[in-house]
């Protein structure tokens, strides 16, 4: 790999220990993936924040990096294992809370903005078209590449941190034009509406791509989609298909930049949607937990929830997971009061995927296909997907 | 016999080989406190990789696995070196942050469990004694 003088200085330790370790990570990845050199990046999203995943060793690594490491670009943080203000009400134990804060403090010491959200693009970490960035968090990676047209590989926690501390990433994969072409033409023949339906579509396409061994779909037949629908679709197709980039004709900014694949590889019809939806609803369900906000709820989704919950009472544990800044807007707009008066709870900074709630509930109802996957695999819940309206109806039933 | 591959992380690790043809997920697949493989149905299930030269095709699973490797190093339950057929990012990053010598692009069929190996991560070589 061709390294600049600055790259070599970093590697030799002239910019401190954390930068040296970071450069070791980045140049090794560059060698593995045949990068020609390093490129400057403009934004980082760091994952691996929940203490449940980091453990003492992960925390020790972060503290070591924080001794002399400082971020060189705008860097935000993925969700933590708890709401940083409201953790007690949400049933998180004190020991976990203490350790979670130690991890967040290590990130803060490095100059990372501790947003604790999987939707950095909704709260001020919004790269523009064509910018090189280094993001972890698979759903945000997919959104940044596809919907925004920025360029990032699927980084892990340490490689994203390394990019933040050096301002660089090896130039390979999705940073290069030739790796951004659509590989598989998918035709959608059914009208879609809502976060749940776009999540179901993400599962269908994701599952098929895994079977085909391909990663970049070119999707036609979708006339329009909201930001929330695309957010849900990104999370789902990244979860089920490992997809980091898709093109959607008429919607995403790069669909016209590369040749469209010639032949339709597969169609998505009404019966496919029904079958996939059935796969996201378990038998013998007893729902005692409802959660909206995977990925983190936007202010629009919170406004809709406030409208649906106004004057109602929920009879089940109901979490709205969102970014702290989004919740602040909801506080000011009065949505928080309406929602909390109905007995639902905000869980900012965290989500039902990373919070330590394994086995705490029997069945979860969500509007997110990604939340179904982790609800089952990680938390051992039974799951049911439905519209945001269905979720509220279930909670107040 | 000396095998030549690609250097992934520097340093020299010497020890007894433990070889598998299954991929390894450090997050969830290995117990960082005991150094034992715990993945159900894995070829090495129940066996310890502590202090051994771990030889396997490639990594799999969650990126959190890199941190698990770091945790094992701190617990003294980590392998002394790693040899892969084709490295993946989780194992590569895990070796770098944990400072475990590592070489890949090695035909692992040439190595048998129980053989003494010297892995030179700085040169990219594996010597079978």
What tally of residues in region A:231-241 results from selecting those that are in contact (Cβ under 8 Å) with a residue 60 or more places away in the chain and either loosely packed, with under 15 Cβ neighbours inside 10 Å or within 24 Å of residue A:176 (Cβ to Cβ) (or both)? 3
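Give me the helices (runs of 4 or more DSSP H) completely within region A:288-362, filtered to those with at least 3 residues that are within 19 Å of the chain's Cα centre (by Cα), ordered by residue number.
The qualifying helices (runs of 4 or more DSSP H) are A:299-309, A:324-333.
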So for region B:83-93 (the condition being touching a helix residue (DSSP H, G or I) at 6+ places or on another chain (Cβ under 8 Å), away from chain A (no Cβ under 11 Å), crowded, with 24+ Cβ neighbours inside 10 Å and touching a residue at least 60 places away in the same chain (Cβ under 8 Å)), does at least one residue qualify? yes
Is one or more of the residues making up region B:32-53 modelled with pLDDT under 95 and either within 11 Å of another protein chain (Cβ to nearest Cβ) or part of a helix (DSSP H, G or I) (or both)? yes
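Report yes if some residue within region A:199-214 is within 18 Å of residue A:151 (Cβ to Cβ) and assigned by TED's automatic domain parsing to the domain that holds residue A:269; otherwise report no.
no
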Listed residues A:185, A:192; which is at pLDDT 95 or above and touching a helix residue (DSSP H, G or I) at 6+ places or on another chain (Cβ under 9 Å)? A:192
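Condition check ((1) free of Cβ contacts under 8 Å to residues at least 12 places away in the same chain; (2) surrounded by 16 or more Cβ atoms within 10 Å (Cβ to Cβ); (3) in the same structural domain as residue A:136 (by TED's automatic domain parsing); (4) closer than 17 Å to residue A:137 by Cβ) across all residues:
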| residue | (1), (2), (3), (4) |
| --- | --- |
| A:25 | no, yes, yes, no |
| A:40 | no, no, yes, no |
| A:43 | no, yes, yes, yes |
| A:58 | no, yes, yes, yes |
| A:77 | no, yes, yes, yes |
| A:93 | yes, no, yes, no |
| A:97 | no, yes, yes, no |
| A:102 | no, no, yes, no |
Does residue A:27 fit the bill of being modelled with pLDDT of 95 or more and within 10 Å of another protein chain (Cβ to nearest Cβ)? yes
Give the residues of region B:25-45 that are surrounded by fewer than 20 Cβ atoms within 10 Å (Cβ to Cβ), farther than 18 Å from residue B:71 by Cα and in contact with a strand residue (DSSP E or B) (Cβ under 6 Å, 6 or more places away or on another chain), sorted by residue number. B:45
Out of A:165, A:192, report the one residue that is away from every other protein chain (no Cβ under 14 Å) and either part of a helix (DSSP H, G or I) or crowded, with 19+ Cβ neighbours inside 10 Å (or both). A:192
Does region A:39-55 include one or more residues that are more than 16 Å from the chain's Cα centre (by Cα), within 14 Å of another protein chain (Cβ to nearest Cβ) and at pLDDT 95 or above? no
In region A:156-172, which residues are within 22 Å of the chain's Cα centre (by Cα) and over 21 Å from residue B:97 (Cβ atoms)? none
Of everything in region A:111-122, what is surrounded by fewer than 21 Cβ atoms within 10 Å (Cβ to Cβ) and either in contact with a helix residue (DSSP H, G or I) (Cβ under 6 Å, 6 or more places away or on another chain) or part of a loop (DSSP other than H, G, I, E, B) (or both)? Give them in sequence order. A:111, A:114
Scanning region A:141-155 for residues that are within 14 Å of the chain's Cα centre (by Cα) and either within 14 Å of another protein chain (Cβ to nearest Cβ) or within 12 Å of residue A:42 (Cα to Cα) (or both) gives A:141, A:152, A:153, A:154, A:155
Going residue by residue through region B:112-125, is there one that turns out to be part of a strand (DSSP E or B), within 10 Å of the chain's Cα centre (by Cα) and more than 9 Å from chain A (Cβ to nearest Cβ)? no
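The values are calculated or read from the model by the stated rules, or taken from the named source; none is laboratory data. In this text the structure is predicted, and so the values were computed from the model without any measurement. So basically every Cβ, Gly included, is an ideal-geometry build from the backbone, and we count neighbours across all protein chains shown.
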